[in-house]
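Below is one structure, written out as structure tokens; the observations come after it.
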Amino acid sequence: MEAGNRLPVLKNKLRFSYARLMAAQGFVFSLLSSALLTSTQAQPFVHPGMLHKQSDFDRVRAQVNANAQPWLSGWNKLKANPHSAGTYAARPVDTVYRGTGTPENYSRLYNDAAAAYALALRWRISDSAAYADAAVRILNAWSSTLKAINGTSDKYLASGIYGYQMANAAELMRAYPGWAAVDFTRFQNMMLAIFYPMNHAFLTDHNGACGSHYWANWDLSNMASMISIGILCDNRTIYNEAVDYFKTGAGTGAIANAVWYLHPGNLGQWQESGRDQGHALLGPALMGPFCEMAWNQGDDLYGHDGNRFLKGAEYVAQFNLGKSVPYATYNNCDNVNQTVISDSGRGGLRPEWELIYNHYVNRKGLAAPNSQAYAALVRPEGGGGDYGPNSGGYDQLGYGTLMFTLPQATGVAP
């Protein structure tokens, strides 16, 4: 880290420590509002600038209005999902619990996150205020109610996956005139006071475990939440923390640890491939959005380390399409030794491949034959609940056919 960057990082750590002390007395929202919402910025953030920019909505709206495929099929998929109904009602709780042995209620959060995002998309594309108002009601209900996320270590999966999803919904709604400034600020404060501290704590301490004890998806979900919160709250320090972790982090979500072994043939072995394929498939579903959010802010993490993410995605896709892949024995810090690739969950469907295929092939003009084939298999991609009623069906926001399809190789720079 350059010397000039140390002072703002130190200040941010001091603010964070003080915020944790004051949280016990009920002052965390007001404290973090003044402390974390102010950050020295090297450049302003693009808004909207997470998974989608305004130019994306301009393109999608034009294609849908022209009844062009495959955008129209993606639009119909969105409209058919019950989470996108303007009558959807939020079910917030003051404490979210995730993990066996606790009174789990986290399904309320992942359903409402899926709905807020789906409704935000419908508003952005149709310009109907009814969907905007419904999305805002969900975001306001949670920001005025949620006080904590708790449970077993699984609580860190909740802070990560649903943190990044809720932040993305809020980013799409931030320009809506019907969302009062005070309510938007309250939502930012919720993300800073509840989600970010958990994201930061997990990535720096890993719940007291050694660095590779937790699988890549644990890191990746909290990285996705962290970068989202940095953008949502115009906080360059938080944003940079997430980007730096992707490049050089000690845990399994860092790119060289997630795609931990490079084989010939443009294939990178995914860290969870010896565990099972359901989790191996989730990896690109989390790293892809992370890279897209950075891309929309001008940082090309897709291409980092010789397109290492592409090699990992191609490896996962090739095996799950029923083809063989090379495999190197994996061993972690707990001496979990995996000598063969796992067949469990092989061939599962997740709405993740349109993003990966369209970036590398249509945006960058590179070859990604396995990702391309998987995208064709899943198309049109749906959203929350379309891939199962439990949490796994809500691990990704989806609707990639609608939102990520590009008409041709554009060669657009970040």
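Observations
- Of all residues in the stretch 226-242, those that are open to solvent by less than 10 Å² (accessible area, probe 1.4 Å) and either hydroxyl-bearing (Ser, Thr, Tyr) or farther than 14 Å from residue 193 by Cα (or both) total 5.
- Only a single item in (1) surrounded by fewer than 21 Cβ atoms within 10 Å (Cβ to Cβ); (2) charged (D, E, K, R); (3) not in a helix (DSSP H, G or I) is not met by residue 305, and it is number (3).
- Test for residue 266: is it more than 23 Å from residue 394 (Cα to Cα) and not acidic (Asp, Glu): yes
- Residue count for the stretch 370-391 satisfying the condition of being of a type in the set (Phe, Trp, Tyr) and either open to solvent by 10 Å² or more (accessible area, probe 1.4 Å) or in contact with an Asp or Glu (Cβ under 6 Å, 6 or more places away or on another chain) (or both): 1.
- Checking 294, 313, 328 one by one, the residue that is open to solvent by less than 30 Å² (accessible area, probe 1.4 Å) and assigned to a loop (DSSP other than H, G, I, E, B) is 328 and no other.
- Taking residues in the stretch 230-249 that are under 14 Å from residue 164 (Cβ atoms), and partners anywhere that are in a helix (DSSP H, G or I) and open to solvent by 40 Å² or more (accessible area, probe 1.4 Å), the pairs with Cβ atoms closer than 8 Å and at least 6 places apart or on different chains are 230/240; 230/241; 246/304.
The values are calculated or read from the model by the stated rules, or taken from the named source; none is laboratory data. Note that this is a predicted model, so its numbers are computed, not measured. Note that each Cβ is placed from the backbone with ideal geometry, even for glycine, and that neighbours are counted across all protein chains shown. Ligands, DNA and RNA are stripped out before the accessible areas are found, and what is left, the full protein with its side chains, is counted by its heavy atoms. Shrake-Rupley method; radii C 1.70, N 1.55, O 1.52, S 1.80 Å.
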